[in-house]
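The values are calculated or read from the model by the stated rules, or taken from the named source; none is laboratory data. Keep in mind the model is a prediction, meaning the values are calculated, not measured. Please note: Cβ atoms are built from the backbone with ideal geometry, for glycine as well, and neighbour counts cover all protein chains shown.
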Amino acid sequence: MVLWASRFISWSVGGIGGGKGFEIYLFLHVKWKTFDFFEVSQVKPPEDDSKSFFENNEISCVCSGSESLFLGSYDGIVRILSPSFKVLRTFQAYDVGSITHMKQVEGTSLLVTISEDLPSEPILKVWALDKPVKKTGLPTCQSTLSIQNGRKPFPISAFAALDDLSQLAVGFANGSVTVVRGDLVHDRGAKQRTVHESEEPVTGVEFREESKLTTLYVATTGRILKLVISGRGAGQPARNVEESGCAVGCMTVDKRNGDIVVVRDDAIYYYGIDGRGPCYGYDGPKSLVAIYEDYVALVSPPITTVPSTKSSTLRRFGGAQADEIFNTSTFTLLDTDLKFVAHSESLVSQVKALFMIWGDLYHEKSLQQRLEILYQRNLFVYAINLAQKCGMGSFQQNVIFRKYGDYLYQKADYDGAMQQYLKAIDNTEPSQVIRKFLDTQRIHNLIEYLEELHEHHKATADHTTLLLNCYAKLKDIDKLEKFIKSPGDLKFDLDTAISMCRQGGYYEQAAYLATKHGEHELVVDILIEDSKKYSEALQYIWRLEPESMYPNLMKYARVLLEHCPKDATLLFVEYFTGRFRPRTDVIVAEEEVQQPGYAAGAVTAVQNLKDLLPLPYMNSSAVASPPAHGNIPATVGDNQVIENADQLSAPPYTTPQPRIAFSSFVDHPDEFIIFLEACLNEKDLKERDKIDLYTTLFEMYLHKSNEKKCENREEWEAKAKKLIEGKDIPIDTSNVLLLSHLSNFRDGTILVREQAGLRFDIFRSYTSAKDTRGAIKALRKYGPDEPQLYPAALAYFTSDPRVLEEAGDELDVVLKKIDEDGLMAPLQVIQTLSTNAVATMGMIKTYLQQTIERERKEISSNRRLIESYRTETLEKRQEINDLTTKPQTFNNTRCSFCGSQLTLPAVHFMCKHSFHQSCISVQVGEDGNVEGDCTVCKKDNDTIRAFVRSQDETADKHDMFLDALGRSGDRFGTISEFFGRGVMEVPTVE
């Protein structure tokens, strides 16, 4: 069966084109892989008048239908073509004007044509091709209609019609849409109505019929609109579907479901009756779109500019005119459901139209051939999706799953391979899979497969025995404890049992018993003192009610802060800010599903087969205990506990004073600061608590800034300063001065001066104390508002060699600021620096030579550019010489297409690109030579070949040369350009 691509012809400006497929790398939302799923046949017009008609580019519009191809021309003539592209019938449809739009009603002999001859109104005619006029033999014109546009001479930009011709829609370039309604087939009259007007040109119109409702979709350059033209809601104004339009030819309708398809440069968009539907990212310009079954056909226009990264040889090859003429268009078939390119073809000429007819040009390969292509490239996921989409049976799909599993197994991806074998479990012999996973390192995969066999009721007694053996070798006590643990009342003394468990080192069991019976202090003591599981202890405390949580937290506060500083601090913050909520758990009880004979024979099977597969020892303490009962919190070690996100309301409790927790944060200044800051963010703090918190936090900031290994001294000092800068801060001034003096915090002592506006005095206090860092800080802070500080800073930095060394690059910053703002003349700068022997002329060398340096840099840049062109030319010549005279070495280790490790068989190209043979479509001869092109360089090579062909063709077109010479303003340049193309060459005589 011939599918979508087999019915498409790409109609180009210069004739009918065809070419090899090539792969495109697209990166927007997904990466579209490219395959060659179609066989292409070249079409050549017959050697008669038809060929001249095609070559002269007289085609103005194209349509197909009823197994016929119709061509409209600029002189008003309609031509009907045969499958061999021979003109079978010709008739004059219009005396004046060109035919711009046509539609053939499928299954009938009716043909609708529209002719335009501006400024006259467009003329629409309906032809009955099976009713010739006796005198002339021409088809009978059933009806003629002048399409109205408010007497505005604008061309038609879009046209659509229902299959019964009861309604037609015509869009104009001035933004108006006219709907024609009536019986045009029998010429019983028709009514016209302008249903939409806007300032944006109309780029597309399409009908959608659904449940006695006809909707017209209108596309402009800036919007997509829809309006009901018949049925419920008719007569209402157009409603916006999306505030983005499309170009002419970039809108069509999917006949399968009635969805409107719009393509833009970024993606392919679908619009249904309720608005925009799915979209598929496919980057790149697009000029035409069409739909058939599962494929979307796109035409990408030629790129009009040459990228700047191309070599100079390519830039000089043909000039700007050659770029415009010989850039290639791209014809692409996409499968949007499976996200791949089914066919891609480059065409030298510009594509004008897409149409579906006959079925002898493009043939889609069979499903098995397509799957084989995917197998060769190891793209099994695509193969699975393709098989499912084509309705392949589950048995055949399992074959693909099995192939995929074998591939992943060979790649040592055992987990992934097992997932594929599980999907194919229904018709796969279990022994084939089990043999592959008998190695001890893959026993987890084997367990998974055996468990799935039991789920599908395909397991035998041997499979059950092997599964139990695997549990035994892994020491999976959780499975075995189901046989030995049973619920019931307490049958032993609790305290004695817990004490003995702790003495024997069975801390998990001891914690389980204490948890089960609500001994919270014992649980925390076991987790911290015995198991050293500080994080689990903290989580257990977090689950307690406030009256039980608080004493346990304060008892082990320093230990928890030492080992779990982040979580412990968060718990302190929540409790002392009144926002504490016990964390609740949902206990998930497991159901024991026992099959007949399983429990009775499990222990015996394990004992008999425990030595079949040697496994490394695994600690059984990692296995969780059974879940707790009632409302008692469970330990974290119980992996059946799932934290519930739905928190309960905060239980009532009296929030203690924050200062009670201060002693717990000894030797933990970072966590203490977090605690203090969180408490300060709370509202409705008591005044005494505010004083304690602000004073203590200020002290901790200064403490952090004075640590010996502190690398963020300035940051901590900034925080301390910000804390005391605010208004209404409840910190006594004497405390600020005392703490600042003890910590050598100068910003605290100068805070009063800063608030009084004595900025110059602040800077002077730093300079008098030889505090260069403070002087620089003051300069950066107050300099923009006090420009006179910069001359003072210049004098200070050059007053002493030690100060100058401490200032570092700041001297250059000051000089630059003085130069930019004109604070000092150059002579003044030199005089200031010459007052002592600290500064040298070398320090202002850059300052004095800026203008000269800029000129020198420009000259040097131009020289480097010239040298680079010369070097590039020499390198290209040397490269050509090396390729033709010297052997080449290929060192690539990865495939240039898929990026994976390069393995044999591999294909190497002289352009230094290497590929897996399965990644590209090439023909390998008996001598090992490869027939084909590098997929990375192919497009550039095709462009160069097009340039060469263009030069050969233009060599004999002297009229083109004379025409260009007459229109050129620089005739000598034009002669030089055509001389380079070979027009002046003397033909060789053989």
task = Considering each of T305, T328, T313 in turn, give the residue that is of a type in the set (V, I, T), modelled with pLDDT under 85 and surrounded by 20 or more Cβ atoms within 10 Å (Cβ to Cβ).
result = T328
task = Scan the range 119-133 and give yes if some residue there is surrounded by 19 or more Cβ atoms within 10 Å (Cβ to Cβ), under 22 Å from V96 (Cβ atoms) and either among the hydroxyl-bearing types (S, T, Y) or out of contact with any strand residue (DSSP E or B) (no Cβ under 8 Å at 6 or more places or on another chain) (or both), otherwise no.
result = no
request  = Tell me which residues, restricted to the range 134-168, are touching a strand residue (DSSP E or B) at 6+ places or on another chain (Cβ under 6 Å), among the polar types (S, T, N, Q) and within 26 Å of S66 (Cα to Cα).
outcome  = T140, Q142, S143, T144, S157, Q167
ask   = Any idea which of (1) at pLDDT 75 or above; (2) out of contact with any Leu (no Cβ under 8 Å at 6 or more places or on another chain) is the one S743 doesn't satisfy?
value = (2)
ask   = Which fully enclosed strands (runs of 3 or more DSSP E) of the range 67-158 have 2 or more residues being farther than 29 Å from E55 by Cα?
value = 123-132, 139-146
inquiry  = Take E106 and tell me if it is of a type in the set (D, E) and under 26 Å from R208 (Cα atoms).
reply    = yes
query = Does the range 225-234 contain at least one residue that is surrounded by 14 or more Cβ atoms within 10 Å (Cβ to Cβ) and under 32 Å from the mean Cα position of the chain (by Cα)?
reply = yes
task = Can you run down the residue pairs with Cβ atoms below 7 Å, 6 or more apart or on separate chains, where the first is in the range 413-428 and without any contact (Cβ under 8 Å) to a residue 60 or more places away in the chain and the partner is loosely packed, with under 15 Cβ neighbours inside 10 Å and assigned to a helix (DSSP H, G or I)?
result = N427/F395
inquiry  = Residues that are touching a residue at least 24 places away in the same chain (Cβ under 8 Å), part of a helix (DSSP H, G or I) and touching a helix residue (DSSP H, G or I) at 6+ places or on another chain (Cβ under 9 Å): does the range 350-370 have at least one?
reply    = yes
ask   = Does D164 fit the bill of being surrounded by fewer than 19 Cβ atoms within 10 Å (Cβ to Cβ) and within 23 Å of I229 (Cβ to Cβ)?
value = yes
inquiry  = Give me the residue from the range 849-872 that is of a type in the set (S, T, N, Q) and over 30 Å from R802 (Cβ atoms) and, out of that set, modelled with the lowest pLDDT.
reply    = T851
remark   = Residue pairs qualifying under the 9 Å Cβ cut-off, at least six apart or on distinct chains, with the first in the range 77-102 being on the phi > 0 side of the Ramachandran plot and the second being among the basic types (K, R) and in a loop (DSSP other than H, G, I, E, B), are F85/K44
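Every residue, every condition in (1) closer than 24 Å to T767 by Cα; (2) at pLDDT 70 or above; (3) in a helix (DSSP H, G or I), yes or no:
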position: E805; (1), (2), (3): yes, yes, yes
position: Q831; (1), (2), (3): yes, yes, yes
position: A839; (1), (2), (3): yes, yes, no
position: Y847; (1), (2), (3): no, no, yes
position: Q878; (1), (2), (3): no, yes, yes
task = Consider A417 carefully, then state whether it is at pLDDT 70 or above, touching a Lys or Arg at 6+ places or on another chain (Cβ under 9 Å), aliphatic (A, V, I, L, M) and surrounded by 19 or more Cβ atoms within 10 Å (Cβ to Cβ).
result = yes
request  = Name the residue, out of V133, V202, that is of a type in the set (V, I, T) and touching a His at 6+ places or on another chain (Cβ under 9 Å).
outcome  = V202
inquiry  = Residues that are touching a Leu at 6+ places or on another chain (Cβ under 8 Å), within 26 Å of V351 (Cα to Cα), modelled with pLDDT under 90 and of a type in the set (A, V, I, L, M): does the range 110-130 have at least one?
reply    = no
ask   = Looking at the range 776-814, which of its residues are crowded, with 16+ Cβ neighbours inside 10 Å, among the small types (G, A, S) and under 50 Å from the mean Cα position of the chain (by Cα)?
value = A778, G783, A807
key: Subset of the range 716-741 (residues that are assigned to a helix (DSSP H, G or I) and out of contact with any helix residue (DSSP H, G or I) (no Cβ under 8 Å at 6 or more places or on another chain))   = A718, K722, T733, S734, L738
Subset of the range 176-194 (residues that are surrounded by fewer than 20 Cβ atoms within 10 Å (Cβ to Cβ) and in a loop (DSSP other than H, G, I, E, B)) = D183, V185, H186, D187, R188, G189
